[in-house]
Amino acid sequence: MSSLDGKIAVVFGAGSIGPGWSNGRAAAVAYARAGCTVAVTDVDEASLAETRALVEAEGAACDSFIGDVSDSASVRDIMAAVHARRGRIDILHNNVGLSAMGGPTAIDEETWDRVMGANVKGVFLTCRHAIPFMEADGGGVITNVGSVSAMRYLGLPQIAYAASKGAIHTMTRAIAAEFGPKKIRANVIAAGIVDTPLLAVGAARTFQGTFGAADPAEARRMRERTIPLRHFGDAWDVANTAVFLASDEARYITGAEIVVDGGLTLQVQHPARD
Ligand SMILES: NC(=O)c1ccc[n+]([C@@H]2O[C@H](COP(=O)([O-])OP(=O)(O)OC[C@H]3O[C@@H](n4cnc5c(N)ncnc54)[C@H](O)[C@@H]3O)[C@@H](O)[C@H]2O)c1
């Protein structure tokens, strides 16, 4: 029996950009395995349906909602629907995160606005519409998926993404401080390089750009060798951290930045000797 038995979790960005285990999909299934009823939401209907089927295959009840996290009315309606149907919102999990290559002189303003809208405004809106329910019902847990990009430059310019993750890390601390007295905990997972379908989409280009390697497989090996544990994480590393953060075992942890990166941010980058 887990302390999450019977809890109601809402996962934003529960689909996946490609086939396989995304961070959002794994989080939804991990909450289900821990005993939660899970509400999943995403803009991508087909991908969301896949996640819902996987949650239900765990024997958990699941509600699914199509919606854009940067649309206030949509987020408000989703929260209201979950609360009306399930009676509580115990866990809010913010996984939506768009990335875009380019520094301040390269990306256009439209790209900046799109990334900020989904990543920053999205977290603002889900918190805005979930917290009143959590407050009224005696507490809750908010877990935001951040990134080591909020802490370090990773070798290629992604100014909007890095800035958005920085904002998410800061918002998490502010929310934790303001709503601690209402028994709402908020934490951010600073994910390192996670081997998800999202990574597969841009990895070859990104690692080749970072290391100047012609061969994508060699570029990937070079990136892995910058990590003390010498391999990428996977979606379960992030999902299992989220389950822990939501559990009673983490009841005194709030406002924390939990780094899940195999040690990537521990050291100045240097060629590996092994
Ligand atoms: N994979 C990595 O290496 C890595 C590293 C650090 C952090 N992260 C973070 O992990 C999270 C995403 O991981 P993932 O594997 O689930 O990625 P993913 O792209 O597969 O899933 C994100 C989901 O969000 C949905 N989405 C996008 N815009 C949306 C919007 N406006 N409203 C609602 N849904 C929207 C997408 O349809 C997709 O299903 C992001 O926050 C990302 O920044 C990933």
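Details
- Residue check for Ser74: over 18 Å from the mean Cα position of the chain (by Cα), closer than 25 Å to Ala136 by Cβ and away from the ligand (no atom under 16 Å from the Cβ): no
- Qualifying positions in the stretch 195-232 - free of Cβ contacts under 8 Å to residues at least 12 places away in the same chain and of a type in the set (Asp, Glu): Asp215, Glu218, Glu224
- For Leu156, the conditions (1) at pLDDT below 95; (2) open to solvent by 50 Å² or more (accessible area, probe 1.4 Å) are fulfilled apart from (2).
- Listed by position, the strands (runs of 3 or more DSSP E) inside the stretch 1-99 whose residues that are among the β-branched types (Val, Ile, Thr) and open to solvent by 10 Å² or more (accessible area, probe 1.4 Å) number at least 1 are 8-12, 37-42, 62-66.
- For the stretch 106-162, the set of residues classified as within 30 Å of Ala80 (Cα to Cα) and of a type in the set (Val, Ile, Thr) consists of Val115, Val120, Val123, Thr126, Ile131, Val141, Ile142, Thr143, Val145, listed by residue number.
- Thr170 vs. criteria more than 14 Å from the chain's Cα centre (by Cα), hydroxyl-bearing (Ser, Thr, Tyr) and not assigned by TED's automatic domain parsing to the domain that holds Ala100: no
Condition check ((1) open to solvent by less than 40 Å² (accessible area, probe 1.4 Å); (2) in a helix (DSSP H, G or I); (3) on the phi > 0 side of the Ramachandran plot) across all residues:
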{"position": "Thr170", "(1), (2), (3)": "no, yes, no"}
{"position": "Ala176", "(1), (2), (3)": "yes, yes, no"}
{"position": "Pro181", "(1), (2), (3)": "no, yes, no"}
{"position": "Asn187", "(1), (2), (3)": "yes, no, no"}
{"position": "Val201", "(1), (2), (3)": "no, yes, no"}
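- One residue stands out among those in the stretch 214-250 that are more than 17 Å from Leu199 (Cα to Cα) and open to solvent by less than 20 Å² (accessible area, probe 1.4 Å): the one that is nearest to the ligand (Cβ to nearest atom), which is Ala242.
- Under the condition of being near the ligand (Cβ under 9 Å from one of its atoms), in contact with a Gly (Cβ under 8 Å, 6 or more places away or on another chain) and among the small types (Gly, Ala, Ser), the residues counted in the stretch 1-52 number 7.
The values are calculated or read from the model by the stated rules, or taken from the named source; none is laboratory data. For clarity, every value in this text was computed on a predicted model and none was experimentally measured. Reconstructed Cβ throughout: ideal geometry from the backbone, glycine too, with neighbour counts over all protein chains shown. Please note that ligands, DNA and RNA were not included when accessible areas were found on the heavy atoms of the full protein model with its side chains. Shrake-Rupley method; radii C 1.70, N 1.55, O 1.52, S 1.80 Å.
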